[in-house]
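The values are calculated or read from the model by the stated rules, or taken from the named source; none is laboratory data. The structure presented is a predicted model; accordingly, all values stated were derived computationally and were not measured. Every residue, glycine among them, receives a Cβ derived from its backbone with ideal geometry; neighbour counts consider all protein chains shown. Calculation scope for accessible area: heavy atoms of the full protein, side chains included, ligands and nucleic acids excluded. Shrake-Rupley method; radii C 1.70, N 1.55, O 1.52, S 1.80 Å.
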Amino acid sequence: MSVKRVSLGILAVIVLASAALGYGMFTAKDPPETFLENDPEVRANPDYPAKILNTGDLENSILVNKDIWIEMRDGIRLSANVYRPKDSGQYPVVMAFTAYDKNKGPDQYPKILRAALNPDFDLGSFAVSPWTSWEGPDPAYWVPNGYVVIYVDSRGFASSEGDPGTLTMQDRDDFYDAIEWAGNQDWSNGKVGLNGVSYLAISQWVAASGNPPHLKAIIPWEGQSDSFREVLYHGGIPETAFTDFWLRKMRTGANGYPLPPPPVFRFAHKRPSLMRWVQQRPANRSGIDLSRINVPALISATWSDQGLHTRGSFEGYKQIASEQKWLFTHGRAKWDLYYSAEGLAYQKDFFDHFLKGVDNGFADRKSIRLEVRESLNEFEVRYEDDWPLPGTEYRKLFLDGAQNGFSTKPSKEIHQTRYDPHTGRATFTRQFGEETEITGNMKLKLWVSTDQGADLDLFVGIEKLDKDYNPVSFYAKTGYTRGPAAMGWLRVSQRSLDKNLSTDWQPVLRHDEPLPVSPDEIVPVEIEILPSSTLFRAGESLRLIVQGKDLFEHPSLAHKYSVNQGQHTIHSGARFDSHLLVPVIPAAD
């Protein structure tokens, strides 16, 4: 038996024993008020983004049935709220599955929206009815437009029966049964669509992987599709802010324990190989199989949620088997855009066509709505045929350690660029002589070493500089307004690539056997930089940042389990072909 398997077995025993021995200590949950906004003064603040609509004019035309039971194949019942037109008839269904309690409306949305009250954050503004559960479709919009809206509490959460899970194969079966129930009701036309943000988008990947016959279309509006690579670990570096928050929030809303207690989770989280083993156990296995999804899909993917949903949304578009699929890209606040007139019109046109059969030309639209960012609130929109964009030219910019810049050919001389990973950074800048659009995944290849320790954590940023070399800021996670254009991460011991999944422009890590380094050992690494779309005018510059810690402080994006020691060195020139691969979009003729 291999040393790796023995070590994993020992670690697993420790985790399970800790869970068993500490059951009484670890079963405590945070009270709901820890996460839910219940302060009227906060909600009344002009900068608070969520506004509550008055539904008085609609209450006479909408039937509201709350906490209806939907029986699953194993006898467990899920609780649903159904909103439908009072006028008799058969209507298409807009459905959402949630673990956040379908009965909690905008007067109890998560406190994460308080970020909008802080400097350097802007979540925009959106108005929803009291019937709208967190990140879900608003019945006050959809029902008057001729749809039934159904919210369902996932198994083991809020009002639903059963043991809770985290978007597992069991959830896939449940979602299948609930969709089929909705498709067979007297008031249903037999066509069900799914809609929602974040968990309510991820649950669509799960549901559509099961291919329920009555499911006819999905709108996953920003949803990760690989929790290991996109949420738990960024390039193998454990993410510690959002994951801790989400773990505690999910446990609070569950009737059981869908995730381990925080001390046990943190123990496993520091050990990627152990976490991988835990995730692959049958009871925990993800219900997502993108290759099985074949229904029409409208997928929203953003440049501004890197570290959470950005990567998974683009991967969802690329990997699903659907012949009819569209990608709505943007770089703004997700909730503001989801509920905006622009966002709703796109969603409605899509569902009108695929759930009502309206001949509105949606099927003839180009597949990609591309939003090219120029600054925080400046962007251009155009339409393309596919992603990555056809005709993309991938160009290598070689690091020039002598000038802290780039060149189109590697230097003949070897250079070392050193920085302190705790306090310093390395930067490389290139000024553009002509207008240049960079859209897609960038890749950074580096030759690196450390003079102490057995590992390195690398944090990578791509900044845009104006003609005076001042940073141009963009929206980043949760409405942060001082973000870079794109980001990437790597823990060097996790550098082994999955050759089957990697491409020339997108390295994908294996996350299996760690590869530690020795002091002063120089190793090559390839770093995935998440999708972005940025326009550089003549005289503006691209700046590459490499450092040993987060690029900025953020309440829901952090990496506290650093492995860095000593000094880091980037080697460039001659045989050390360190370079940034950039996806340049040729100017239209």
Report task. Can you pull the one-decimal nm distance between simple spin-label points at D512 and K51, each 7 Å off the Cα toward Cβ? Result -> 5.5
Requested in this report: May I ask you to give the solvent-accessible area per residue for the chain, in square angstrom, as obtained with a 1.4 angstrom probe?
Outcome: 39
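So in the chain, what percent of DSSP beta bridges are antiparallel if you round to the nearest 5? Don't jump to the answer; show the numbers that get you there.
Details: 85 of 116 bridges.
Around 75 percent antiparallel, to the nearest 5.
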Query raised in the report: How high is the FRET efficiency between N60 and W187 when r is their beta carbon distance and R₀ equals 25 Å, given to the nearest 0.05?
Result: 0.90
Query raised in the report: What list of ³J(HN,Hα) values in whole Hz, one per residue of region 55-71 in order, does the Karplus curve 6.51 cos²θ - 1.76 cosθ + 1.60 (θ = phi - 60°) give from phi, with Gly and Pro shown as x?
Result: 9, x, 6, 9, 5, 7, 10, 10, 8, 10, 10, 9, 6, 7, 7, 10, 7
Query raised in the report: Under a point spin-label approximation (7 Å from Cα along Cα-to-Cβ), what is the A341-N470 distance to one decimal in nm?
Result: 3.3
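Leaving out ligands, DNA and RNA, what percent of the accessible area of region 300-447 is carbon and sulfur, probe 1.4 Å?
Working: 2600 of 6210 Å².
Using a 1.4 Å probe with all protein chains present, region 300-447 comes out at 42 percent carbon and sulfur.
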Report summary line: With a Förster distance of 30 angstrom and the Cβ-Cβ distance between R575 and R395, calculated FRET efficiency to the nearest 0.05 equals 0.90
Report summary line: Heads up, region 323-392 by the C-alpha gyration tensor (a ≥ b ≥ c square roots of eigenvalues; a/c under 1.5 rounded, else a/b over b/c prolate, else oblate) looks oblate
Query raised in the report: Once the piece of chain linking S291 and E380 is laid out straight, how much longer is it, given 0.36 nm per residue of separation minus the C-alpha distance between them?
Result: 28.8 nm
Report task. Mind listing the long-range amide H neighbours of S473? Cut-off is under 5 Å, sequence gap 5 or more, other chains count too, H placed in the peptide plane at 1.01 Å from N. Result -> L376
Report task. Have a look at G566, N284, L123 and report the one farthest towards the positive end of the charge dipole of the chain, computed about the Cα centre with Cβ charges (Lys/Arg +1, Asp/Glu -1). Result -> G566
Report summary line: Amide H proximity to G196 below 5 Å, modelled H, separation 5+ or other chain, gives I219, W221
Report summary line: Non-local residues with an amide H under 5 Å from the amide H of I237, with H modelled 1.01 Å from N and Pro and chain starts lacking one, are R491
Report summary line: Each label sits 7 Å from Cα toward the beta-carbon; between D120 and L497 the label points are separated, in nm, by 3.4
Report task. Express in whole angstrom the spacing between the alpha-carbon centres of region 461-516 and region 54-95. Result -> 43
